[in-house]
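Structure first, then comments.
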Amino acid sequence: EYCDDSFFGTCSEGCKGRVVNSGMAPKRKNLGENPSSTDKSLFEEEKKEEANDDVIYSTLDDYSSAHSTKTAPLLREIEKNTAHFLASGAHMVSGSMQGSLLTTLSSMSREGRILEIGTFTGYATACFLEGAAAAGNCFGGAADDQKEKVGSRDGGGPFVLSLERDRRALGVASAHLEVMADFGIGKEGAEEAAKLRGDVSQVKDFDGDSISFTYNNIAGCELLRVNDALATIEEMALGSSTHAAFDIVFVDADKTRLMEYVNALVSNDRVLKKGGLILVDNVLWKGLVLDAASSNNGYDSSSDDGGLSEDKELLKKNRRARKLANKMHRFNSAVVKDDRVEVLMMNLRDGLSMIRKR
(Lines give C-alpha, C1' and ligand atoms only; values in the text may rest on other atoms or scores of the structure.)
Protein backbone atom coordinates (compact mmCIF):
# COMPACT_ATOMS: atom_id res chain seq x y z
CA GLU A 1 0.00 0.00 0.00
CA TYR A 2 2.99 2.30 0.28
CA CYS A 3 4.12 1.90 -3.33
CA ASP A 4 3.62 4.56 -5.97
CA ASP A 5 0.59 3.60 -8.09
CA SER A 6 2.70 3.09 -11.21
CA PHE A 7 4.90 0.55 -9.42
CA PHE A 8 2.31 -1.20 -7.31
CA GLY A 9 2.56 -4.96 -7.54
CA THR A 10 6.02 -5.01 -9.10
CA CYS A 11 8.07 -5.04 -5.88
CA SER A 12 9.99 -8.12 -4.83
CA GLU A 13 9.31 -9.89 -1.54
CA GLY A 14 12.57 -8.45 -0.22
CA CYS A 15 11.41 -4.94 -1.05
CA LYS A 16 8.06 -5.51 0.64
CA GLY A 17 9.85 -6.80 3.72
CA ARG A 18 12.03 -3.70 3.94
CA VAL A 19 9.02 -1.44 3.56
CA VAL A 20 7.13 -3.17 6.35
CA ASN A 21 10.12 -3.39 8.69
CA SER A 22 11.17 0.23 8.23
CA GLY A 23 7.71 1.68 8.77
CA MET A 24 7.84 3.53 5.48
CA ALA A 25 6.50 7.08 5.31
CA PRO A 26 2.99 7.64 3.86
CA LYS A 27 2.26 7.61 0.15
CA ARG A 28 3.53 10.48 -1.96
CA LYS A 29 0.01 11.44 -2.91
CA ASN A 30 -0.85 11.95 0.77
CA LEU A 31 2.02 14.39 1.40
CA GLY A 32 -0.04 17.30 0.25
CA GLU A 33 -2.89 16.47 2.64
CA ASN A 34 -2.00 17.82 6.09
CA PRO A 35 1.57 16.53 5.98
CA SER A 36 3.58 16.15 9.16
CA SER A 37 6.93 17.95 9.63
CA THR A 38 8.74 14.71 8.78
CA ASP A 39 6.69 14.33 5.61
CA LYS A 40 7.45 17.95 4.69
CA SER A 41 11.19 17.46 5.03
CA LEU A 42 11.03 14.31 2.91
CA PHE A 43 8.95 16.11 0.31
CA GLU A 44 11.33 19.11 0.26
CA GLU A 45 14.32 16.80 -0.11
CA GLU A 46 12.65 15.12 -3.07
CA LYS A 47 12.03 18.51 -4.64
CA LYS A 48 15.70 19.46 -4.22
CA GLU A 49 16.78 16.24 -5.91
CA GLU A 50 14.34 16.86 -8.77
CA ALA A 51 15.73 20.40 -9.15
CA ASN A 52 19.26 19.01 -9.41
CA ASP A 53 18.06 16.65 -12.12
CA ASP A 54 17.09 19.69 -14.20
CA VAL A 55 20.71 20.90 -14.47
CA ILE A 56 22.20 20.67 -17.95
CA TYR A 57 25.87 19.65 -18.02
CA SER A 58 28.01 20.73 -20.95
CA THR A 59 30.81 18.20 -20.38
CA LEU A 60 31.34 14.85 -18.68
CA ASP A 61 33.87 16.57 -16.42
CA ASP A 62 31.13 18.93 -15.21
CA TYR A 63 28.77 16.01 -14.65
CA SER A 64 31.40 13.99 -12.78
CA SER A 65 32.32 16.95 -10.59
CA ALA A 66 28.67 17.66 -9.77
CA HIS A 67 28.17 14.06 -8.66
CA SER A 68 31.29 13.87 -6.52
CA THR A 69 31.79 14.98 -2.93
CA LYS A 70 32.44 18.71 -2.90
CA THR A 71 35.98 20.01 -2.60
CA ALA A 72 36.92 21.06 0.93
CA PRO A 73 36.72 24.86 1.39
CA LEU A 74 40.38 25.07 2.44
CA LEU A 75 41.52 23.50 -0.82
CA ARG A 76 39.63 26.12 -2.83
CA GLU A 77 41.46 28.83 -0.90
CA ILE A 78 44.81 27.13 -1.51
CA GLU A 79 44.09 27.40 -5.24
CA LYS A 80 43.30 31.10 -4.88
CA ASN A 81 46.41 31.71 -2.77
CA THR A 82 48.57 29.93 -5.31
CA ALA A 83 47.27 32.25 -8.04
CA HIS A 84 47.96 35.20 -5.73
CA PHE A 85 51.45 34.34 -4.49
CA LEU A 86 52.81 32.20 -7.38
CA ALA A 87 50.66 33.16 -10.35
CA SER A 88 52.94 31.60 -12.97
CA GLY A 89 52.46 28.19 -11.35
CA ALA A 90 48.73 28.39 -10.63
CA HIS A 91 48.08 25.63 -13.19
CA MET A 92 50.35 23.26 -11.28
CA VAL A 93 48.02 22.48 -8.35
CA SER A 94 46.38 19.07 -8.48
CA GLY A 95 42.82 20.41 -8.64
CA SER A 96 39.61 19.03 -7.19
CA MET A 97 39.24 15.74 -9.10
CA GLN A 98 42.85 14.62 -8.83
CA GLY A 99 43.05 15.93 -5.28
CA SER A 100 40.03 13.82 -4.30
CA LEU A 101 41.68 10.78 -5.84
CA LEU A 102 44.88 11.40 -3.85
CA THR A 103 42.87 11.67 -0.64
CA THR A 104 40.96 8.49 -1.42
CA LEU A 105 44.08 6.49 -2.27
CA SER A 106 45.90 7.59 0.88
CA SER A 107 42.84 6.86 3.05
CA MET A 108 42.78 3.30 1.64
CA SER A 109 46.48 2.67 2.20
CA ARG A 110 47.76 0.34 4.92
CA GLU A 111 49.12 2.96 7.30
CA GLY A 112 48.52 6.28 5.58
CA ARG A 113 52.24 6.82 5.00
CA ILE A 114 52.87 9.11 2.02
CA LEU A 115 56.09 10.44 0.49
CA GLU A 116 55.54 13.40 -1.80
CA ILE A 117 58.27 14.60 -4.15
CA GLY A 118 57.37 18.16 -5.06
CA THR A 119 55.35 20.11 -2.45
CA PHE A 120 54.73 23.31 -4.39
CA THR A 121 52.06 25.25 -2.44
CA GLY A 122 50.73 22.27 -0.51
CA TYR A 123 47.48 21.42 -2.33
CA ALA A 124 48.29 17.75 -2.87
CA THR A 125 50.04 17.66 0.50
CA ALA A 126 46.81 18.71 2.20
CA CYS A 127 44.88 16.07 0.24
CA PHE A 128 47.34 13.38 1.28
CA LEU A 129 47.30 14.52 4.91
CA GLU A 130 43.50 14.36 5.03
CA GLY A 131 43.61 10.82 3.63
CA ALA A 132 46.42 9.79 5.99
CA ALA A 133 44.39 10.91 8.98
CA ALA A 134 41.40 8.93 7.67
CA ALA A 135 43.58 5.84 7.31
CA GLY A 136 44.84 6.33 10.85
CA ASN A 137 41.31 6.58 12.20
CA CYS A 138 40.26 3.42 10.35
CA PHE A 139 43.27 1.23 10.94
CA GLY A 140 44.87 2.74 14.02
CA GLY A 141 47.57 5.34 14.51
CA ALA A 142 51.24 4.74 15.17
CA ALA A 143 52.60 1.44 16.43
CA ASP A 144 51.16 0.20 19.72
CA ASP A 145 54.57 0.22 21.40
CA GLN A 146 55.02 3.92 20.64
CA LYS A 147 54.29 6.39 23.38
CA GLU A 148 53.11 8.92 20.86
CA LYS A 149 50.18 7.79 18.73
CA VAL A 150 50.79 10.46 16.07
CA GLY A 151 52.49 9.07 12.96
CA SER A 152 56.10 10.07 12.44
CA ARG A 153 58.92 9.73 9.94
CA ASP A 154 60.76 6.95 11.74
CA GLY A 155 58.08 5.47 13.99
CA GLY A 156 55.38 4.45 11.52
CA GLY A 157 51.72 5.38 11.46
CA PRO A 158 49.92 7.99 9.32
CA PHE A 159 52.51 10.47 8.10
CA VAL A 160 53.19 12.68 5.09
CA LEU A 161 56.78 13.61 4.19
CA SER A 162 56.99 16.19 1.41
CA LEU A 163 60.19 17.26 -0.35
CA GLU A 164 60.64 20.61 -2.09
CA ARG A 165 63.56 22.72 -3.34
CA ASP A 166 61.84 26.09 -3.92
CA ARG A 167 61.91 28.18 -0.74
CA ARG A 168 59.15 30.50 -1.93
CA ALA A 169 56.80 27.59 -2.63
CA LEU A 170 57.68 26.05 0.74
CA GLY A 171 56.84 29.31 2.47
CA VAL A 172 53.35 29.31 0.93
CA ALA A 173 52.88 25.58 1.59
CA SER A 174 53.94 25.83 5.24
CA ALA A 175 51.41 28.63 5.78
CA HIS A 176 48.67 26.45 4.28
CA LEU A 177 49.59 23.36 6.31
CA GLU A 178 49.76 25.38 9.51
CA VAL A 179 46.23 26.64 8.86
CA MET A 180 45.06 23.08 8.18
CA ALA A 181 46.67 21.78 11.36
CA ASP A 182 45.11 24.54 13.50
CA PHE A 183 41.72 25.04 11.87
CA GLY A 184 40.98 22.03 9.64
CA ILE A 185 39.90 21.90 6.00
CA GLY A 186 36.39 23.26 6.50
CA LYS A 187 34.96 26.77 6.58
CA GLU A 188 37.11 27.98 9.48
CA GLY A 189 40.29 26.79 7.80
CA ALA A 190 39.23 28.41 4.53
CA GLU A 191 38.60 31.74 6.26
CA GLU A 192 42.05 31.67 7.85
CA ALA A 193 43.70 30.76 4.54
CA ALA A 194 41.89 33.61 2.78
CA LYS A 195 43.38 36.04 5.31
CA LEU A 196 46.85 35.20 4.00
CA ARG A 197 46.10 37.17 0.84
CA GLY A 198 45.32 40.22 2.94
CA ASP A 199 48.47 40.00 5.06
CA VAL A 200 51.38 38.95 2.88
CA SER A 201 53.72 39.28 5.85
CA GLN A 202 52.41 35.91 7.03
CA VAL A 203 53.81 34.24 3.91
CA LYS A 204 57.59 34.43 3.75
CA ASP A 205 60.23 32.46 1.91
CA PHE A 206 61.05 29.33 3.87
CA ASP A 207 64.42 29.79 5.59
CA GLY A 208 64.79 26.54 7.53
CA ASP A 209 65.49 22.92 6.73
CA SER A 210 62.14 21.43 7.76
CA ILE A 211 58.89 22.14 9.55
CA SER A 212 56.42 19.67 11.11
CA PHE A 213 52.70 19.66 11.83
CA THR A 214 50.17 17.39 13.50
CA TYR A 215 46.69 16.99 12.03
CA ASN A 216 43.65 15.70 13.91
CA ASN A 217 45.92 14.38 16.67
CA ILE A 218 46.80 11.34 14.59
CA ALA A 219 48.63 12.22 11.36
CA GLY A 220 52.07 13.76 11.24
CA CYS A 221 53.39 15.93 8.41
CA GLU A 222 56.86 17.21 7.63
CA LEU A 223 57.93 19.59 4.87
CA LEU A 224 61.59 19.05 4.06
CA ARG A 225 63.71 21.42 2.00
CA VAL A 226 66.13 19.53 -0.28
CA ASN A 227 68.57 20.48 -3.02
CA ASP A 228 68.15 17.26 -5.02
CA ALA A 229 65.10 15.11 -4.29
CA LEU A 230 66.42 12.15 -6.29
CA ALA A 231 69.66 12.12 -4.30
CA THR A 232 67.59 12.21 -1.10
CA ILE A 233 65.48 9.24 -2.25
CA GLU A 234 68.57 7.28 -3.26
CA GLU A 235 70.13 7.90 0.14
CA MET A 236 66.95 6.70 1.81
CA ALA A 237 66.98 3.57 -0.35
CA LEU A 238 70.57 2.88 0.69
CA GLY A 239 69.59 3.07 4.36
CA SER A 240 71.44 6.33 4.99
CA SER A 241 68.50 7.89 6.84
CA THR A 242 66.14 6.68 9.55
CA HIS A 243 62.57 6.30 8.37
CA ALA A 244 59.73 3.81 8.17
CA ALA A 245 58.69 2.69 4.68
CA PHE A 246 55.85 4.43 2.83
CA ASP A 247 52.63 3.15 1.24
CA ILE A 248 52.50 5.73 -1.56
CA VAL A 249 55.14 7.86 -3.28
CA PHE A 250 53.88 10.77 -5.36
CA VAL A 251 56.41 11.96 -7.95
CA ASP A 252 55.63 15.46 -9.16
CA ALA A 253 59.16 16.71 -9.70
CA ASP A 254 62.01 16.53 -12.23
CA LYS A 255 60.39 15.03 -15.35
CA THR A 256 63.76 14.20 -16.91
CA ARG A 257 64.70 11.60 -14.28
CA LEU A 258 61.48 9.72 -13.64
CA MET A 259 62.89 6.27 -14.36
CA GLU A 260 65.68 6.94 -11.88
CA TYR A 261 63.04 7.62 -9.22
CA VAL A 262 61.26 4.38 -10.04
CA ASN A 263 64.50 2.40 -9.90
CA ALA A 264 65.34 3.82 -6.49
CA LEU A 265 61.86 3.00 -5.17
CA VAL A 266 61.63 -0.58 -6.45
CA SER A 267 65.27 -1.61 -5.85
CA ASN A 268 64.35 -2.60 -2.28
CA ASP A 269 61.61 -2.05 0.30
CA ARG A 270 63.33 0.60 2.42
CA VAL A 271 61.44 3.55 0.92
CA LEU A 272 58.33 2.02 -0.69
CA LYS A 273 56.65 -1.05 0.75
CA LYS A 274 56.12 -4.15 -1.34
CA GLY A 275 52.76 -3.67 -3.05
CA GLY A 276 53.01 0.09 -2.61
CA LEU A 277 52.03 2.70 -5.19
CA ILE A 278 54.13 5.15 -7.16
CA LEU A 279 52.01 7.97 -8.57
CA VAL A 280 53.58 9.93 -11.42
CA ASP A 281 51.95 13.18 -12.51
CA ASN A 282 51.86 14.89 -15.93
CA VAL A 283 52.46 11.68 -17.89
CA LEU A 284 50.45 12.99 -20.87
CA TRP A 285 52.36 16.28 -20.94
CA LYS A 286 49.75 18.59 -22.42
CA GLY A 287 48.84 15.89 -24.94
CA LEU A 288 52.19 16.23 -26.69
CA VAL A 289 53.09 12.61 -25.97
CA LEU A 290 50.93 11.76 -29.00
CA ASP A 291 53.34 13.69 -31.21
CA ALA A 292 56.29 11.99 -29.54
CA ALA A 293 54.74 8.57 -30.05
CA SER A 294 54.04 9.21 -33.74
CA SER A 295 57.74 8.95 -34.55
CA ASN A 296 60.10 6.14 -33.58
CA ASN A 297 62.66 8.69 -32.53
CA GLY A 298 60.20 11.04 -30.93
CA TYR A 299 59.75 14.73 -31.74
CA ASP A 300 62.71 16.57 -33.27
CA SER A 301 62.64 20.17 -32.07
CA SER A 302 65.10 21.19 -34.77
CA SER A 303 62.23 20.92 -37.25
CA ASP A 304 60.52 23.92 -35.64
CA ASP A 305 60.59 27.11 -37.62
CA GLY A 306 59.24 30.60 -37.27
CA GLY A 307 55.94 29.48 -38.70
CA LEU A 308 54.95 28.05 -35.32
CA SER A 309 55.15 31.43 -33.64
CA GLU A 310 56.37 34.94 -34.30
CA ASP A 311 57.35 35.20 -30.65
CA LYS A 312 60.81 33.70 -30.04
CA GLU A 313 60.09 33.16 -26.34
CA LEU A 314 56.90 31.28 -27.14
CA LEU A 315 58.79 29.22 -29.70
CA LYS A 316 61.43 28.42 -27.11
CA LYS A 317 58.75 27.27 -24.67
CA ASN A 318 57.13 25.21 -27.41
CA ARG A 319 60.42 23.46 -28.14
CA ARG A 320 61.06 22.79 -24.45
CA ALA A 321 57.55 21.37 -23.98
CA ARG A 322 58.04 18.99 -26.89
CA LYS A 323 61.45 17.88 -25.63
CA LEU A 324 59.91 17.10 -22.25
CA ALA A 325 57.04 15.28 -23.98
CA ASN A 326 59.70 13.17 -25.70
CA LYS A 327 61.25 12.26 -22.37
CA MET A 328 57.84 11.56 -20.87
CA HIS A 329 56.92 9.24 -23.74
CA ARG A 330 60.18 7.36 -23.30
CA PHE A 331 59.51 6.99 -19.59
CA ASN A 332 55.93 5.79 -20.19
CA SER A 333 57.16 3.26 -22.74
CA ALA A 334 59.92 1.98 -20.46
CA VAL A 335 57.99 1.68 -17.20
CA VAL A 336 55.08 -0.25 -18.72
CA LYS A 337 57.58 -2.90 -19.88
CA ASP A 338 59.23 -3.18 -16.46
CA ASP A 339 58.23 -6.52 -14.92
CA ARG A 340 58.87 -5.19 -11.41
CA VAL A 341 55.72 -3.07 -11.56
CA GLU A 342 52.14 -2.92 -12.86
CA VAL A 343 51.01 0.31 -14.52
CA LEU A 344 47.63 2.00 -14.90
CA MET A 345 47.71 5.30 -16.77
CA MET A 346 44.68 7.54 -16.31
CA ASN A 347 43.57 10.34 -18.60
CA LEU A 348 43.02 12.65 -15.64
CA ARG A 349 44.07 16.30 -15.96
CA ASP A 350 47.55 16.12 -17.48
CA GLY A 351 47.76 12.35 -17.00
CA LEU A 352 48.41 10.35 -13.85
CA SER A 353 50.08 6.93 -13.78
CA MET A 354 49.51 4.53 -10.90
CA ILE A 355 52.50 2.21 -10.72
CA ARG A 356 52.12 -0.70 -8.32
CA LYS A 357 55.30 -2.27 -6.99
CA ARG A 358 55.01 -6.06 -7.31
For this session: Output the number of residues of the stretch 81-104 satisfying the condition of being farther than 17 Å from residue 193 by Cβ and open to solvent by less than 30 Å² (accessible area, probe 1.4 Å).
Result: 3
For this session: Evaluate the stretch 107-121: report whether one residue or more is touching a Pro at 6+ places or on another chain (Cβ under 6 Å) and either buried (at least 21 other Cβ atoms within 10 Å of the Cβ) or at pLDDT below 95 (or both).
Result: yes
For this session: Kindly indicate whether any position in the stretch 149-171 is out of contact with any strand residue (DSSP E or B) (no Cβ under 9 Å at 6 or more places or on another chain), open to solvent by less than 10 Å² (accessible area, probe 1.4 Å) and touching a residue at least 24 places away in the same chain (Cβ under 8 Å).
Result: yes
Seminar exercise, completed: When the stretch 236-255 is checked residue by residue, the ones that are open to solvent by less than 30 Å² (accessible area, probe 1.4 Å) and without any contact (Cβ under 8 Å) to a residue 40 or more places away in the chain are 236, 237
Problem set entry | Residue list for the stretch 175-234, restricted to those being part of a strand (DSSP E or B) and open to solvent by less than 40 Å² (accessible area, probe 1.4 Å) | 213, 215, 219, 220, 221, 222, 223, 224
Seminar exercise, completed: Note on the stretch 237-278: residues closer than 19 Å to residue 119 by Cα and hydroxyl-bearing (Ser, Thr, Tyr) are 256, 261
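The values are calculated or read from the model by the stated rules, or taken from the named source; none is laboratory data. Keep in mind that what you see is a predicted model, and the values were worked out from it rather than measured. Reconstructed Cβ throughout: ideal geometry from the backbone, glycine too, with neighbour counts over all protein chains shown. The accessibility values were calculated without ligands, DNA or RNA, using every heavy atom of the protein model including side chains. Shrake-Rupley method; radii C 1.70, N 1.55, O 1.52, S 1.80 Å.
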